[in-house]
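Right, one structure below, let's go through it.
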Amino acid sequence: MRIALAQINPTLADFKSNKEKILDYVHQAQQRKCDLVVFPECSLFGYHPFDLLEREQIVKKQEAEMKDLLKKIPKGIAVIFGMITRNPDKKGRPYFNSAVFAVKGQKPRFFHKQLLPTGDVFDEARFIEPGDFSKNYFTWKGKKFFLTICEDIWAWPDAKGKSPYRINPLAKVKKQKIDLVVNLSASPYFVDKMKQREYVTRKTAEYFNAPIMYANMVGAQDEIIFDGASFVLDKKGKKLMTCQAFEEDLNVLDLDTKEVWSKNAKLTSTEELRRALVLGIRDFCAKTGMKRVHLGSSGGIDSAVAAALAVDAMGPANVTTLALPGPYNAKMSLDLARELAKNLGVDFKVVEIAPMYEAIVEQLEKGIALEGFSVVNENLQARLRGLTLMAYSNQNNSLLLTTGNKSEYASGYSTLYGDMCGGIAPLGDLTKKQVYELARHYNKQGEVIPETIITRAPSAELRPNQKDQDSLPPYDELDKSVVSLVEQAKEPKTSSDKWLLPVLMRTEFKRWQAAPILKVSPHAFGRGRRYPIAHKA
């Protein structure tokens, strides 16, 4: 038996396009003489729908496309795909997260997800009723399978005996002799996530004494990135097959001989991170209908890396960088911004904000008796840059990328309605160290980012001779504190930790108003971190 793993990138609620993509991959699998093709979780609906599920009419549209899909499946091949189905019971949540086993001319069989993630970015129990996977065995062409959906296999205790679930329902399933466990997933990416996936799939394979196929979604939805990288393990946990990461792929396993179509090479961690962010930018634009992006180019490290990522995602012809020199910018900053644009092959524009700044200061001195130089003056410059960049956005229907990093966001070292303006924040889940690592990665094959940008001391250049470390701990210390306090929720120990924690608590109001941040860590600012603004903690 030959089984195809179809790792696709669906668009949320674009049911017709998703249906056509599923059919396209079914035909590709049939051309490769496959007997079964497996798609990811919610591959017909897209994932995650969140509060789109408030609108029953949207679910009905999906059901109509499902019926058409079932009619168009070719003979001789079975198809497993994910969708949202309605709960017929008057009690419980209104929907199931389901897998459909479909064969031409036969009544489809539905399997429902049992374990529902409610941590971090997901809250499935809001609309989804738990299923019961104890009877999820099925046969096809003489082979026997057991089907699970994403979180269903994640209740195994880790090496320290910890599990998010008190009971692992999978360990209570009455075992039968099977040929393959199938898991449909839409598992969000973060650095080193693969180790966790390999652990839970290996435990599942060992429990059932059978190979496991892990079919993961690829693509980005808002701030969440699905990396694909689907795989198959044998019954002892050895990896037999891996799909491409961060792109659509179709791979084939011969269940009898264990031969595979392609194994695919493993990526370095930095290249993996780069591809994740590029996919996040590209899909955000594609799925919101944006064709162009732009950003403020300061001659600093963050805007340089953001620009390089934007070019990889959109192509240089669709990227514009704008230098916005003010009264305290060094000439070197403008020169470096211009050099970067030349290296990247993007359109480059210069808008002087100094005249605007001076005019506003004069009016504030008259109108509200503004005196001296303070944070008011610094934030005015940042907000004039935000105003200018948003004007360009309106003029050109271009998406503004905001360039702040996680260490700055954590410490509140950013200006609301200024440098925080934008439609998406590609670096908002990266520490400063990770930003520098990406810059050096870009320069491995030749200088893309001018070396001086990497070596010069970071500065907001909002007052004379300013450096970031005038206001912040050294970035190597701050980065560690960000990981410890934000990603791991540890108690403060170092002096940097103790400096950061109260700052982190009192600047939450800024992050509530931040652009969507592409998630690449276990715990990012945004949807998955729900801290209150008003509290006495």
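Of (1) of a type outside the set (A, V, I, L, M, F, W, C); (2) touching a Phe, Trp or Tyr at 6+ places or on another chain (Cβ under 8 Å); (3) modelled with pLDDT of 95 or more, Lys143 satisfies all except one. Which?
The single condition Lys143 does not satisfy is (2).
If I filter the range 361-380 for residues that are assigned to a helix (DSSP H, G or I), of a type in the set (Asp, Glu) and either in contact with a helix residue (DSSP H, G or I) (Cβ under 9 Å, 6 or more places away or on another chain) or over 23 Å from Ala457 (Cα atoms) (or both), do I get at least one hit?
yes
Restricting attention to the range 353-385, report how many residues are of a type in the set (Lys, Arg) and buried (at least 17 other Cβ atoms within 10 Å of the Cβ).
Qualifying residue count, the range 353-385: 2.
Considering the range 2-19 alone, what residues qualify as being surrounded by fewer than 24 Cβ atoms within 10 Å (Cβ to Cβ) and in a strand (DSSP E or B)?
Scanning the range 2-19 gives a single hit, Arg2.
Residues are listed down the side, and each one gets a yes or a no for (1) open to solvent by 70 Å² or more (accessible area, probe 1.4 Å); (2) in contact with a His (Cβ under 7 Å, 6 or more places away or on another chain); (3) over 25 Å from Gly46 (Cβ atoms):
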{"position": "Thr257", "(1), (2), (3)": "yes, no, yes"}
{"position": "Leu267", "(1), (2), (3)": "no, no, yes"}
{"position": "Ala276", "(1), (2), (3)": "no, no, no"}
{"position": "Leu279", "(1), (2), (3)": "no, no, no"}
{"position": "Gly300", "(1), (2), (3)": "no, no, yes"}
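Condition check ((1) at positive phi; (2) of a type in the set (Asp, Glu); (3) open to solvent by less than 10 Å² (accessible area, probe 1.4 Å)) across all residues:
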| position | (1), (2), (3) |
| --- | --- |
| Asp419 | no, yes, no |
| Gly422 | yes, no, no |
| Ile449 | no, no, yes |
| Pro458 | no, no, no |
| Pro464 | no, no, no |
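Please return the ranges of strands (runs of 3 or more DSSP E) entirely within the range 61-144 where 3 or more residues are of a type outside the set (Asp, Glu) and open to solvent by less than 50 Å² (accessible area, probe 1.4 Å).
Result: 78-86, 95-102, 137-140.
Which one is nearest to Leu427 (Cα to Cα), of the residues in the range 163-217 that are free of Cβ contacts under 8 Å to residues at least 60 places away in the same chain, touching a Leu at 6+ places or on another chain (Cβ under 9 Å) and open to solvent by less than 10 Å² (accessible area, probe 1.4 Å)?
Top of the filtered list is Tyr214.
Mind telling me which of the residues Lys432, Lys498, Lys490 ends up being of a type in the set (D, E, K, R) and open to solvent by less than 10 Å² (accessible area, probe 1.4 Å)?
It is Lys432.
Mind checking which residues of the range 218-228 are open to solvent by 10 Å² or more (accessible area, probe 1.4 Å) and either closer than 17 Å to Tyr137 by Cα or not acidic (Asp, Glu) (or both)?
Passing the criteria: only Gln221.
The values are calculated or read from the model by the stated rules, or taken from the named source; none is laboratory data. For clarity, every value in this text was computed on a predicted model and none was experimentally measured. With ideal geometry, Cβ positions are generated from the backbone for all residues, glycine too; neighbour counts draw on all protein chains shown. Ligands, DNA and RNA are stripped out before the accessible areas are found, and what is left, the full protein with its side chains, is counted by its heavy atoms. Shrake-Rupley method; radii C 1.70, N 1.55, O 1.52, S 1.80 Å.
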